[in-house]
Amino acid sequence: MAEARKTTKRTAETTENFTADERAAMKERAKEARAAARRGTAAEKAAAAEADVLAKIAEMPESDRVLAERIHAIVKANAPELAPKTWYGMPAYARDGKIVCFFQSADKFKARYATLGFNDPANLDDGSMWPTAFALTTLTAADEARIAALVKQAAS
């Protein structure tokens, strides 16, 4: 019985270690997974997933929305093989169901900058160390060109 109490206490402590925003993101991810499972054909799933991404982008504050719209356009133009989908309530782009890259708005976790991140399936390996996330505050033409090259490489 002492072991059961110990486990319960550990679970309670772990739950307290997540912020309300983090818990909300986890709940949103579970909701996304349930919605994806209910969708019909592959084409219907793809269309609904992109609509979900565009809806999430539309909900963002203007500064984040402008960045997310540009990232979405860059990914669609430079890596059309990546499928848009939401991931923890954020726009993300996947290959074979695995998230390659994602956009996280600054507002989501009350950060001072938005983030463009890349996960393990991204083909960005360069030696023994390489960046997997980039802080974004604005996008210049040079930034957009660099992102386009990174997205192409990540999707290759």
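Laboratory data are not the source of any read-out in this text; all were calculated from the coordinates shown. Predicted model, so just to flag it, every value in this text is computed and none were measured. Glycine gets a Cβ as well: all are built from the backbone with ideal geometry, and neighbour counts include every protein chain shown.
One table, with the values for the structure above:
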item: Net length gained if the chain between PHE109 and ALA145 were fully extended (0.36 nm per residue, minus Cα distance); result: 10.3 nm
item: Cα-derived Rg to Rh of the chain, Kirkwood definition; result: 1.04
item: Sequence ranges 93-100, 56-63, ranked by mean other-Cβ count within 10 angstrom, highest first; result: 93-100, 56-63
item: Ordering of 124-132, 139-147, 80-88 by burial proxy (mean other Cβ atoms within 10 Å per residue, highest first); result: 80-88, 139-147, 124-132
item: Computed helical MRE - 222 nm, the chain, DSSP H runs ≥ 4 contributing -39500 (n - 2.57), nearest 500; result: -18000 deg cm²/dmol
item: Förster radius 25 Å - calculated FRET efficiency between ALA77 and ALA47 (Cβ-Cβ, nearest 0.05); result: 0.85
item: Rough spin-label spacing in nm, given labels placed 7 Å along Cα→Cβ, for MET129 and ALA20; result: 3.9 nm
item: The chain, relative contact order [Cα under 8 Å, separation at least 6], %; result: 19 percent
